[in-house]
Amino acid sequence: MTDTLTPTSALTHLGWTDGDPHPATGTALARVVVHHGTRCEVLAAASDGTLTAHTADIAPTLPVTPVAGDWVELGPDGRVVTVAARRAILTRAGSAGQGRQVLAANIDTVLIVVPLAGGLNATMVERLSVMAWDSGAQPALVLSKSDTTHDGGARDAAAAELLSPGIPVLPVSVRTGEGLDTLRAHLGPGTTTVMLGPSGAGKTSLLNALEGTSEAVASTGRSGGRHTTTTRRLHLLASGGVLLDIPGIRSLEVAAGRSAVDDVFTDIAALAPYCRYTDCGHDGDLGCAVEEAARTGTLPAARLATWHKLQGEIAYRRRREDPAEMADTRRQWKAVSKQARRNRR
Ligand SMILES: Nc1nc2c(ncn2[C@@H]2O[C@H](COP(=O)(O)OP(=O)(O)OP(=O)(O)O)[C@@H](O)[C@H]2O)c(=O)[nH]1
Ligand SMILES: [Mg+2]
Ligand SMILES: [Zn+2]
């Protein structure tokens, strides 16, 4: 790249904001493009203001694994010596025994990409929205493949607005070009965006359509649940922002806190104060306003069912991740089974 930029404007082009770290003397600030094993590809701002790509070894003493979007400092030998504290992070549930896995760091916007081919999947919209809110970044919902609907996705967009209230909903198609300009407006200069959606939703196709790139996409008609994109990678946009393309995620991998659930299930959160008990579980409790709304049809029953599932998953993960709570649960179960044994005598 040979644009004449000052080091600061070069960093801004990489998505650097005032809240991000300033480089210490003797080190250079760089952004992780992709991480593989003991190395990272990074983009750094040279003193003449140009952006330069490097492959940097990771210092073995580094306490955290860098991910795409991380700000890192390169030592005099060019190795990654520190990973800066992360602003918003997108995470998913790790495999058993692990905590959460960080998918992208220092993001401003999460584009939830849900395909319209085969019909709008309500649960997917709800679950991925929870995950997006939990990141601390601003979510937006992209309904991809709008060309597969009869009305350019208008009906699905109206339905999606109720499923994930308060966020922009954009029907788009890379076939017809619908919605691409609106989408571009969401990827403003200096902002960092990550795409979150299932495999085959058309994330990489969107990147290609927006930027004229030719990253690999699934060949038409191919199915079988394999990921086409296999790395998490940061792409510089002509608009001056950055876009992270990551492998597809299953909406069952959601890991989030209760407040992110309330951000999406605003209808349930608004009804809860009218329940008789302040700690109402909306599950057979006496005087429950939420269940009453589900009975009369003002609240879709499917929505309450997804809410219950998410609460169960949060509680389960809490116990798994928090040993104290786990011990508490064990004690409770011991007491219960003791009581049961006593009752049997
Ligand atoms: N009809 C239609 N098909 C599309 C559209 N966008 C993408 N596709 C097709 O959907 C398939 C999957 O697209 P990809 O871009 O590889 O999907 P992805 O979300 O990146 O998938 P992973 O990399 O596996 O996470 C490809 O065959 C695309 O041609 C669209 O707007 N309309
Ligand atoms: Mg892809
Ligand atoms: Zn209730």
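The values are calculated or read from the model by the stated rules, or taken from the named source; none is laboratory data. Please read these numbers as outputs of a predicted model, since none were measured by experiment. All Cβ positions, even for glycine, are placed from backbone atoms using ideal geometry, and neighbour counts span all protein chains on display. Quick note on the areas: whole protein, heavy atoms, side chains included, nothing else; ligands and nucleic acids left out. Shrake-Rupley method; radii C 1.70, N 1.55, O 1.52, S 1.80 Å.
Here is how the numbers come out for the structure above:
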read-out: Members of the range 245-271 that are buried (at least 18 other Cβ atoms within 10 Å of the Cβ) and of a type in the set (A, V, I, L, M, F, W, C); value: 246, 249, 254, 255, 256, 260, 261, 264, 265, 268, 271
read-out: Odd one out for residue 279 among (1) at pLDDT below 95; (2) within 25 Å of residue 128 (Cβ to Cβ); value: (2)
read-out: Any chance residue 29 is over 21 Å from residue 231 (Cβ atoms), open to solvent by less than 40 Å² (accessible area, probe 1.4 Å) and not β-branched (Val, Ile, Thr); value: yes
read-out: Selection status of residue 268, of a type outside the set (D, E, K, R) and at pLDDT below 95; value: no
read-out: Output for the range 62-118, where each listed residue is under 18 Å from residue 197 (Cα atoms), of a type in the set (Ser, Thr, Tyr) and either modelled with pLDDT under 95 or in a loop (DSSP other than H, G, I, E, B) (or both); value: 91
read-out: Every residue from the range 201-216 that is at pLDDT 95 or above and either out of contact with any helix residue (DSSP H, G or I) (no Cβ under 8 Å at 6 or more places or on another chain) or at positive phi (or both); value: 201, 202, 203, 204, 205, 207, 208
read-out: Only listed residue being more than 29 Å from residue 87 (Cα to Cα), buried (at least 19 other Cβ atoms within 10 Å of the Cβ) and away from ligand 3 (no atom under 16 Å from the Cβ), chosen from 205, 164, 214, 146; value: 146
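Listed here are the residues, each with its yes/no results for (1) at pLDDT below 95; (2) open to solvent by 60 Å² or more (accessible area, probe 1.4 Å); (3) among the small types (Gly, Ala, Ser); (4) more than 24 Å from residue 87 (Cβ to Cβ).
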{"position": "152", "(1), (2), (3), (4)": "no, no, yes, yes"}
{"position": "159", "(1), (2), (3), (4)": "no, no, yes, yes"}
{"position": "171", "(1), (2), (3), (4)": "no, no, no, yes"}
{"position": "191", "(1), (2), (3), (4)": "yes, no, no, no"}
{"position": "195", "(1), (2), (3), (4)": "no, no, no, no"}
{"position": "220", "(1), (2), (3), (4)": "yes, yes, no, yes"}
{"position": "226", "(1), (2), (3), (4)": "yes, yes, no, yes"}
{"position": "239", "(1), (2), (3), (4)": "yes, no, yes, no"}
{"position": "243", "(1), (2), (3), (4)": "no, no, no, no"}
